[in-house]
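A.B. asks: There's a structure below that I have some questions on.
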Amino acid sequence: MTRISVKPILVLAGGFGSRLRSAVPDVPKPLAPVNGKPFLTHLIEDLVSQGAQEFILLLHYRAELIKSLIAEIVKRNDMSEVKITCIVEDTPLGTGGSILNAIYNLGITDSFIVINADTWLGDGLQEISLSSANTIAAVNVKDCSRYGALILKGAKIEKFVEKNSFSGNGLINAGLYHLNPEVFKNFVKNNYISLENDVFPSLVNNGSLFAIEIQANFIDIGVPQDYFKFCKWIEAGKLNAI
């Protein structure tokens, strides 16, 4: 595949990380230590290796700590060509509200990429950038119960199956999206908006949300068990699939 310039990436990094607090009590979830450096550093480095050139960090909880890390990253010689902007929300706006806030603040008119700051997807950035807008990356996992499942008809998403209502092998939302700002036009700025509960269902109802399956290592470090699993994988040199 011909390598392309990746669209700007909005990084959802404002959550409280309550489920991981027992394992990582002192810092926000994106700064959870992994083999000597924060998870967010690993994530940004991996995305840059896939072609990312611009990041917009959407922050709230303990934003000053994340901003300090970003200041260190941008000083590095190997990051000299990478642009990183931070937007801090005064109140929690939810995943969708954070994006809408960024659209207004930055005057975003073109489509963009969105990724969760607690999700690792070791490939797929080029594919999602080449996809049509309003497409989400999907991965196949052995047990969908924790994540919920995607029901597709061709590439079109017909339904999101709720967490714990479906188990076994299947496709799940991998937390990487290519979105058009137009999908947020009917939502109100500064309101709490959820991508998963508000934005995506409206797109599904309109038949305008699609998925592409990505073959890549995937993990969500949001719970201690998977956080420690990711730490061991990195420490072992990413030798095998997660």
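A.B. asks: Report, ordered by the first and then the second residue, all pairs with beta carbons closer than 8 Å, sequence separation of six or more or different chains, a first member in the range 100-122 that is within 14 Å of Phe230 (Cβ to Cβ), and a second member that is surrounded by fewer than 20 Cβ atoms within 10 Å (Cβ to Cβ) and of a type in the set (S, T, N, Q).
C.D. replies: Pairs found: Trp120/Asn217; Leu121/Asn217; Gly122/Asn217.
A.B. asks: Is there any pair with a first residue in the range 154-168 that is closer than 15 Å to Lys142 by Cα and surrounded by 12 or more Cβ atoms within 10 Å (Cβ to Cβ) and a second that is hydroxyl-bearing (Ser, Thr, Tyr) and at pLDDT below 95 whose Cβ atoms are under 9 Å apart and which are 6 or more apart or on different chains, and what are they?
C.D. replies: Filtered contacts from the range 154-168: Lys163/Ser145; Lys163/Tyr147; Phe166/Ser145; Ser167/Ser145.
A.B. asks: Shifting gears a bit: Of all the strands (runs of 3 or more DSSP E) wholly in the range 1-90, which have at least 1 residues that are open to solvent by less than 70 Å² (accessible area, probe 1.4 Å) and of a type in the set (Asp, Glu)?
C.D. replies: Of the strands (runs of 3 or more DSSP E) lying wholly inside the range 1-90, those with at least 1 residues that are open to solvent by less than 70 Å² (accessible area, probe 1.4 Å) and of a type in the set (Asp, Glu) span 54-59.
A.B. asks: Restricting attention to the range 192-206, and to residues there that are in a helix (DSSP H, G or I) and free of Cβ contacts under 8 Å to residues at least 40 places away in the same chain, which single residue is surrounded by the fewest Cβ atoms within 10 Å (Cβ to Cβ)?
C.D. replies: Of the residues in the range 192-206, the ones in a helix (DSSP H, G or I) are 195-205.
Now drop any that are not free of Cβ contacts under 8 Å to residues at least 40 places away in the same chain, which leaves 197, 202, 205.
Working: Asn197: 12, Ser202: 13, Asn205: 9.
The extreme case among them is Asn205.
A.B. asks: Now, a different point. Please work out if Glu127 is among the charged types (D, E, K, R) and touching a helix residue (DSSP H, G or I) at 6+ places or on another chain (Cβ under 9 Å).
C.D. replies: Considered against the rule, which asks whether it is among the charged types (D, E, K, R) and touching a helix residue (DSSP H, G or I) at 6+ places or on another chain (Cβ under 9 Å), Glu127 comes out as no.
A.B. asks: Can you tell me which residue is farthest from Leu203 (Cα to Cα) among those in the range 169-189 that are out of contact with any helix residue (DSSP H, G or I) (no Cβ under 9 Å at 6 or more places or on another chain), part of a loop (DSSP other than H, G, I, E, B) and touching a residue at least 24 places away in the same chain (Cβ under 8 Å)?
C.D. replies: The selected residue is Asn169.
A.B. asks: Evaluate the following for Ala102: is it under 13 Å from the mean Cα position of the chain (by Cα) and open to solvent by less than 20 Å² (accessible area, probe 1.4 Å)?
C.D. replies: Judged against the criteria, Ala102 is not a match.
The values are calculated or read from the model by the stated rules, or taken from the named source; none is laboratory data. The structure presented is a predicted model; accordingly, all values stated were derived computationally and were not measured. Glycine gets a Cβ as well: all are built from the backbone with ideal geometry, and neighbour counts include every protein chain shown. Ligands, DNA and RNA are excluded from the accessible area calculation, which covers all protein heavy atoms including side chains. Shrake-Rupley method; radii C 1.70, N 1.55, O 1.52, S 1.80 Å.
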